[in-house]
1. May I ask you to derive the FRET efficiency for residue 65 and residue 402 from their Cβ-Cβ distance with R0 = 56 Å, giving the value to the nearest 0.05?
2. In nm, what is the difference between 0.36 nm times the number of residues separating residue 457 and residue 224 and their Cα-Cα distance?
3. Where the centre of each part is set by its Cα atoms, how far does the stretch 223-239 sit from the stretch 314-329, in angstrom?
4. For a quick size check, give me the Cα extents of the stretch 161-310 along its three principal axes, largest first, whole Å.
5. Of 188, 401, 280, how do they rank once you tally other Cβ atoms within 10 Å and put the fewest first?
6. With each label point set 7 Å from Cα along the Cα-Cβ vector, what nm distance links residue 422 and residue 262?
7. Using only the C-alpha atoms of the stretch 304-455, find the volume of their convex hull and express it per residue in Å³.
8. Using a/c under 1.5 as the rounded threshold, could you call the stretch 251-391 rounded, prolate or oblate? The axes a ≥ b ≥ c are square roots of the C-alpha gyration tensor eigenvalues, and prolate needs a/b larger than b/c, oblate otherwise.
């Protein structure tokens, strides 16, 4: 029986914001007040759900048995400072007024506490398991509880109720967040086994209908350019079992924006992670927004004659990677790419007559980002420079690989000129470099990890952006929500303003919310999947901290 570690008040939320553009300061202030009133007026009710009770209390705003779509969106590693940086960057880049905000900003509801069962600072695996299973687990856990017992996920529960299900990410589809909704393993680095679960190796068969992201590596054996430790070709196995397949941009485009999709669909668009948006070639890789649009249209079409809707997980995955790399130029572009994907979701919700709710939040913050940095011993300046991020046209990851590939192709003098002219001046927009910085880049050319940290610090220092870690932090993260539910709006007339997602909540409450509005019983699913193979083949029941971090840091 699945047990929750603490009382879990259910969440619900909606935010209707009229996107007007005031022409005067008076009209702007009136519009702002009306927007605030509107947000407060339509916040969704919430009430306590005791961890000691297995009963599912009714949620008046949603008929748990009616047709609906549930869209769970995760901004991996995005904290409040990430929004601030991206907002200021876009205002500068697009010459926008200071009151211009991101799409996300219009749907801000509350905040979430992110601790895992093993630490005040969670990793993505435990963070996503809190969403998918509605319980706390240890860092590294994928769809298992703190005792390493598989826990039923909301995706599995809804699949068995007749929903169609999907995963859309920009990292490997076998990475922590999508894995925690669609598989059960003791440790997140068991990506070969995660891939097997995702295509259907469950006690009850396949749970996922649509997959879009990277990570082909863990579906294909080494002999075929993959990285599986065995000789299985899961892509071939999937196709043989009725999956349609898209493995590149050309095949993705053939999906015709979601109108030409045959489910189940396996879309593995990169061998590892899809490149950062700052580096991404649109001719080679689709954006997150493009993937989201395909998924929404495909799932809508697949459920149009069904009594049930769909569940879709969407992750802005590489915001987290930019945080780990302390790469501000990459991170602001990743946040903006996610914002465009979020707009696609809003457009979809406002265009469908099926009751749909979307929740967007982060599993944790990464990097300890602050939009400030004292760069001298004297009294600090009150400023930071988004122009420095705009001048930089590639991620540190991309540039480190570029330098590494060039290091043995020319003399020392020519290599130094290459660093100055091609990397610093052209790619990074830095002309005030020092000779010592050039020397350090040359010395680190054979150490890609150390090199990318050095390059990213050059950007951060000049932009006066600060980072406190290459890992995660315990910073509370934002919650955003939107719905089109007529019953929700009708019920809210008699509800208190702050009975919804407003305020501060535990991450497990989001899982509890999805369970309640859909009439799901995750305890029941837990009983069904408890025999799922989930432990590492080498038989270890636990890993040391060094072993864990050697396999996964995100």
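Read-outs throughout are calculated quantities, based only on the coordinates presented, and are distinct from any laboratory measurement. Model, not experiment: these values are computed from the prediction. Every residue, glycine among them, receives a Cβ derived from its backbone with ideal geometry; neighbour counts consider all protein chains shown.
1. The formula returns an efficiency of 0.50 here.
2. Using 0.36 nm per residue and subtracting the Cα-Cα distance, I get 80.1 nm.
3. After rounding, the separation between the Cα centres reads 28 Å.
4. Principal-axis extents of the stretch 161-310 (Cα, largest first): 42, 40, 27 Å.
5. Result, fewest neighbours first: 401, 280, 188.
6. 4.5 nm
7. Cα convex hull per residue, to the nearest whole number: 169 Å³.
8. Judged from the Cα gyration tensor, the stretch 251-391 comes out prolate (a/c at least 1.5, a/b above b/c).
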